[in-house]
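Read the structure below first, then the notes.
The values are calculated or read from the model by the stated rules, or taken from the named source; none is laboratory data. Keep in mind it's a predicted model, so treat the numbers as computed, not measured. Because the Cβ atoms are built from the backbone with ideal geometry, glycine has one as well, and the counts that use them run over all protein chains shown.
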Amino acid sequence: MDLWACPAVVTGAASGLGAETARYLAEAGAKVTVIDIDGDGVQKIAEEIGGLAIPCDVADSRSAENAVAMARAAHGAARVLVHCVGRGHSEPIISGDGPMPLDDFRQLVEVNLISTFNMMRLAAADMAQLPPLANGERGVILSTASVSAYEGQSGEAAYAASKGGVVSMILPAARELGALGIRVVGIAPGLFGTQTLFNMEKNLDSRLARQIPFPHRFGDAAEFAMLVLHVLKNIMLNGTVLRLDGGYHR
Ligand SMILES: NC(=O)c1ccc[n+]([C@@H]2O[C@H](COP(=O)([O-])OP(=O)(O)OC[C@H]3O[C@@H](n4cnc5c(N)ncnc54)[C@H](O)[C@@H]3O)[C@@H](O)[C@H]2O)c1
């Protein structure tokens, strides 16, 4: 897809992988709407890239519907959605305090899984109304999973389950939306040096990075953003989840 003047929505864009993706998309000439629950953070990014900031809880249907409508009114219906919202969480199923509160599990599923489907359904509905481009493509929906979807650590049952749901929806969504020329792709990051990682790995140190076959360091958000741009441009990428992890298997 040609990104020049292309309306694009990035969620989770106040920090980390989403913020860097928004910068790369703006650099490529896209008209970028940045969405995040952190209103101040997302406003700063919008000012930096000349985009539109919308504070929003994307797990909430009404808020997300309003946000997508505001983005559409400003830039036209988006041909690109990059959904980067997510929250890392590590908590044992049982501890000295008893069983993990069910609400902790529910909240993680809300933020990581329900928000993914919520944004996917709204973006797809808008894309379906757009005329196809010369190659038949109407849009691309890119969601963020995690290597924990495949190899969750002890203490990550809830996080892994929420990301496993993201992985599982990519292929059926691509099969359904392919009829409309809409591609659906996931990226499963390994260890990237952002707030999500720091929330999960309380004792973050270089030993963890040494477990990455190569390079022996945490990923940089720019490396994630570069893959996003490649996915958007390469029409053969569809219905799959790409690991971006330096060969890291937990
Ligand atoms: N950093 C890593 O190592 C890593 C590894 C695997 C997967 N991921 C995934 O990558 C994605 C991006 O994470 P990141 O590392 O950039 O983390 P981050 O914490 O820097 O960014 C996440 C953003 O999501 C926003 N957010 C949270 N809940 C929201 C909600 N309900 N509505 C709107 N915005 C909300 C936060 O305010 C934050 O700006 C997440 O889905 C995360 O699970 C990250």
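Taking (1) in contact (Cβ under 8 Å) with a residue 40 or more places away in the chain; (2) away from the ligand (no atom under 13 Å from the Cβ) in turn, residue 94 satisfies each apart from (1).
To keep it simple, each residue is scored yes or no on (1) within 15 Å of the ligand (Cβ to nearest atom); (2) under 20 Å from the mean Cα position of the chain (by Cα); (3) under 23 Å from residue 87 (Cβ atoms).
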site: 173; (1), (2), (3): no, yes, yes
site: 199; (1), (2), (3): yes, yes, yes
site: 209; (1), (2), (3): yes, no, yes
site: 220; (1), (2), (3): yes, yes, yes
site: 250; (1), (2), (3): yes, no, yes
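I'm checking my understanding of the structure. Among residues of the stretch 222-240 that are surrounded by fewer than 19 Cβ atoms within 10 Å (Cβ to Cβ) and β-branched (Val, Ile, Thr), which one is nearest to residue 83 (Cα to Cα)? Within the stretch 222-240, the match that is nearest to residue 83 (Cα to Cα) is 240.
Let's see how each residue does on (1) surrounded by fewer than 19 Cβ atoms within 10 Å (Cβ to Cβ); (2) within 13 Å of the ligand (Cβ to nearest atom); (3) in contact (Cβ under 8 Å) with a residue 24 or more places away in the chain; (4) over 12 Å from the mean Cα position of the chain (by Cα):
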residue: 76; (1), (2), (3), (4): yes, no, yes, yes
residue: 85; (1), (2), (3), (4): no, yes, yes, no
residue: 90; (1), (2), (3), (4): yes, yes, yes, yes
residue: 113; (1), (2), (3), (4): no, yes, yes, no
residue: 124; (1), (2), (3), (4): no, no, yes, yes
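Would you point out which residue out of 45, 54 is under 17 Å from the mean Cα position of the chain (by Cα), within 13 Å of the ligand (Cβ to nearest atom) and assigned to a strand (DSSP E or B)?
Going through 45, 54 in turn, just one is under 17 Å from the mean Cα position of the chain (by Cα), within 13 Å of the ligand (Cβ to nearest atom) and assigned to a strand (DSSP E or B): 54.
Do we have any residue at all in the stretch 1-23 that's more than 25 Å from residue 130 (Cα to Cα), more than 17 Å from the chain's Cα centre (by Cα) and either at pLDDT 95 or above or more than 15 Å from the ligand (Cβ to nearest atom) (or both)? No, the stretch 1-23 contains no residue that is more than 25 Å from residue 130 (Cα to Cα), more than 17 Å from the chain's Cα centre (by Cα) and either at pLDDT 95 or above or more than 15 Å from the ligand (Cβ to nearest atom) (or both). Within the stretch 228-243, being within 12 Å of the ligand (Cβ to nearest atom) and under 22 Å from residue 27 (Cα atoms) holds for one residue alone: 228.
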